[in-house]
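The values are calculated or read from the model by the stated rules, or taken from the named source; none is laboratory data. Model, not experiment: these values are computed from the prediction. Quick reminder, even Gly has a Cβ in these numbers, built from the backbone with ideal geometry, and neighbours come from all protein chains shown. What goes into the accessible areas is simple: the full protein's heavy atoms, side chains included, and nothing from ligands, DNA or RNA. Shrake-Rupley method; radii C 1.70, N 1.55, O 1.52, S 1.80 Å.
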Amino acid sequence: MLRRIASYLKGYGGYAVGSPLLVIVETVCQLIIPLLMARIINQGIYGNSMTVVWQSGALMVAVALVAIFTGAMSAKCAANAAQGLGANLRQAEFRKISGFSFADIDRFSSSSLITRMTNDVTNIQNTAMICLRIFIRALTMLVASVVLTLTISPQLALVVLVILPIMAVALLALMKICFPLFEKMQRALDHLNETVQENLIAVRVVKSYVRENREREKFIDANDGFTAAGLRAVMRMVAMQPVMMICMAAATVLVLYFGGNMVLGLELDVGYLQTVLDYIMQILMSIMMVGMAILQYTRAQASMHRVFEVLDAQSAIVDGGGTDLPAPRGRVEFRDVSFRYQTEGAGEDVLRGISLDIQPGEFVAIVGGTGTGKSSLVNLIPRFYDVHRGKVLVDGMDVRDYPLDGLRGRIGMVLQNNVLFSGTIRENLLWGNENATEEELIQAAKDAQAYDFIMSFPDGFDTSLDQGGVNVSGGQKQRLCIARAMVRKPAVLILDDSTSAVDSATEGRIRESFRENLKGTTVIIIAQRISSVQYADKIVVLDEGTVAGVGTHGELMETNKIYREIYDSQQEGGDGNGGT
Ligand SMILES: Nc1ncnc2c1ncn2[C@@H]1O[C@H](COP(=O)(O)OP(=O)(O)O)[C@@H](O)[C@H]1O
Ligand SMILES: [Mg+2]
């Protein structure tokens, strides 16, 4: 896993190598200072030599300056390397996610993908910084201090041997206790993010149902959960502090006791006593630091795992890459198609044994109750999902053999929950086809019955839309989405319940303009209102994932019980609305 992370340091390798090297120089400088101090005490003060004091003092200043400089430089390198690593990881994830199919996004859920791109990467980034600097520094300090203590006084080094195992055991225990707590903390954070995200995305709904208080409570719950999880972990770490302090105090007492005796027995110069004391403190501190770094690393491991899960995801939909494409005419065939969603285990088939043949230029309507698989059916045509069995053909070629852009380029799709993007109306319409001329935009807007209301805005086509198109009405938004799909001049136009917010008269005009202006285009419409589809060339009745009937309005009224039931229920309702 480490080597893999290292490969994302590309472009920042120099910083990643430079930082530890500089840290080592910095640490060595800091270790030389106590040695110089010993020299001042032993040879300068006790040896009564002012020159030694001056020389060693000047040297100390020089060494300290080098330490400061290399310290600052290494911090800079570590920051650069860590930021670079974060940037590379985010970019890799974003590239991967943009290639995800609907099924892949379903599998991860978009809120989890956002957390994996932000929070988890930040975790890795912070850990990289800590490992490049604090960990290397502590390790160098530890090794060098042990070696130096041993050379000055092997007897006093024994004190380290006594204290070390105690600290090591205490640290190991702490890690064992804290790992699961940190994991819980991360999950609590996930939950918190989810709550916030859901609320902000649906803020209008929350307000319209006056659910602010309830939602506030939900947030407080999630926030308290996170705080409690964090506190539990941190409290365990704080409890360690006294243990560490006792170890340090014990070490000091032991060194002073044995060292003092050695000085009195003239086995040790008094200056070295202070030096050894310094080194032993460094050793103990270093052990704590190494422990902390390891703790942080294990925390980041969970994040790395989550990030690599995204990077390793095998996209369910692979570009077919075919080159010899048929001319776009608009024929769509389903041959014995079965389909199921892959989320959480093997679900049941949502569509079963569907066979349909839609001719170029046909106007086809799909009706059926909610949840019978209408959206799922049309989503198979532009290959948002792949069939489970059977095949879908567009213009006689299996959709899995098309290059994705070649396939989707000939299909205009207005999704059930469609969105517009921040930008002007013109920019949004140009999504359909970047090279569309002004006349084509106007024609598409007219066909979708959007032209009049667009021109009623002071800025016309240059009116800017806020994110998701929140500043236009539901019906206007739907018409803009239809216009956007029409700018593409597709061979197949699919409208998934796209006129539900448009009044019946306007809907009738849209249908008329389709008839007149889209003669060669195959139109597939999903609608709730029978009144809006009864003029279709062909109506497909779906029932629980199977085709319950195909025919014209007249034929189906005669022969199809389900169709008649839907029709009757809408007559009784009087408002012409089916159960949505
Ligand atoms: N992304 C999805 N993941 C899992 N199940 C889904 C998904 N979308 C729809 N379903 C399920 O598939 C069935 C058909 O849904 P859908 O095609 O949207 O029906 P319709 O458009 O006719 O209302 C429903 O039972 C629904 O719960
Ligand atoms: Mg639907």
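Principal axis extents for the range 448-580, Cα atoms only, whole Å, descending order, please.
Over the range 448-580, Cα extents along the principal axes are 52, 34, 25 Å.
Starting from the Cα of LYS561, draw a straight line to each of the aspartates and glutamates and keep only those under 18 Å, dropping any in the same chain fewer than 8 residues away.
Within the straight-line limit of under 18 Å, LYS561 reaches these aspartates and glutamates: ASP543, GLU544, GLU572.
Using a 10 Å Cβ count of at most 15 others and DSSP loop calls, identify the longest part of the chain lacking such GluC sites (Glu not before Pro).
Between exposed loop sites, the widest span is 1-266.
Quick one, could you list the DSSP H helices from the chain stretching 27 Å or more along their long axis (Cα atoms) with average Kyte-Doolittle hydropathy of -0.5 or above?
13-39, 50-98, 154-201, 212-264, 270-312
Just the number, please: percent antiparallel of the DSSP beta bridges in the chain, rounded to the nearest 5.
55
Over the chain, what portion of Cα pair distances is larger than 39 Å, expressed as a whole percent?
51
What residue among ILE562, ALA501, ALA485 has its Cα farthest toward the positive end of the dipole of the range 466-580, where the charges are +1 on Lys, Arg and -1 on Asp, Glu, each on the Cβ?
Result: ALA485, furthest along the dipole toward the positive end.
May I ask for the equivalent-ellipsoid semi-axes of the range 2-312, computed as the square root of five times each C-alpha gyration tensor eigenvalue and listed largest first in whole Å?
49, 24, 16
Express the carbon and sulfur contribution to the solvent-accessible surface of the range 1-76 as a percent, rounded to the nearest whole number, probe 1.4 angstrom.
Summing carbon and sulfur atoms, their accessible area is 74 percent of the total for the range 1-76.
Apply the Debye scattering formula to the range 494-541, with a single equal point scatterer on each alpha-carbon and no solvent, then give log10 I(q)/I(0) at q = 0.16, 0.21, 0.28, 0.32 Å⁻¹.
So the normalised log intensities work out to -0.41, -0.73, -1.33, -1.59.
Longest exposed-loop-site-free stretch of the chain, with chymotrypsin sites (Phe, Trp or Tyr not before Pro), DSSP loop and at most 16 other Cβ within 10 Å?
Longest stretch, sites excluded: 210-420.
Give me the aspartates and glutamates in straight-line cross-link reach of LYS76: C-alpha distance below 17 Å, same-chain residues under 8 apart excluded.
Excluding near neighbours in sequence, the set is GLU26.
Putting +1 on Lys and Arg Cβ atoms and -1 on Asp and Glu Cβ atoms, find which of TYR257, ILE454, LEU192 reaches farthest to the positive end of the dipole of the chain.
TYR257
Taking all protein chains in place and a 1.4 Å probe, what share, in percent, of the accessible surface of the range 439-512 do carbon and sulfur account for?
The C+S portion of the solvent-accessible surface of the range 439-512 is 45 percent.
Expressed as a whole percentage, what fraction of the accessible surface of the range 290-348 belongs to carbon and sulfur atoms when a 1.4 Å probe is rolled over the protein heavy atoms?
Of the solvent-accessible surface of the range 290-348, carbon and sulfur hold 48 percent.
What is the magnitude of the charge dipole of the range 1-141 about its Cα centre, with +1 placed on the Cβ of each Lys and Arg, -1 on the Cβ of each Asp and Glu, and no other charges, expressed in debye to the nearest 20?
Charge dipole of the range 1-141: 220 debye, to the nearest 20.
Based on Cα positions only, what radius of gyration and what Dmax would you give for the range 262-330, in angstroms?
According to the Cα coordinates of the range 262-330, Rg and Dmax are 31.5, 104 Å.
Accessible area per residue, 1.4 Å probe, Å², for the chain: what's the number?
With the other protein chains kept in place, the chain gives 50 Å² per residue.
Can you give me the Kirkwood hydrodynamic radius for the range 4-143, using every pair of distinct Cα atoms, in Å to one decimal?
17.9
Under unit Cβ charges (Lys, Arg +1; Asp, Glu -1), what dipole magnitude, rounded to 20 debye, does the chain have relative to its Cα centre?
1780
Where a Cα-Cα gap under 16 Å defines reach, which lysines qualify for LYS489, not counting those fewer than 8 residues away within the same chain?
In chain and number order, the partners are LYS446, LYS519.
Mind pulling the per residue volume of the convex hull built on the Cα atoms of the range 196-318? Å³ is fine.
Residue-normalised Cα hull volume stands at 177 Å³.
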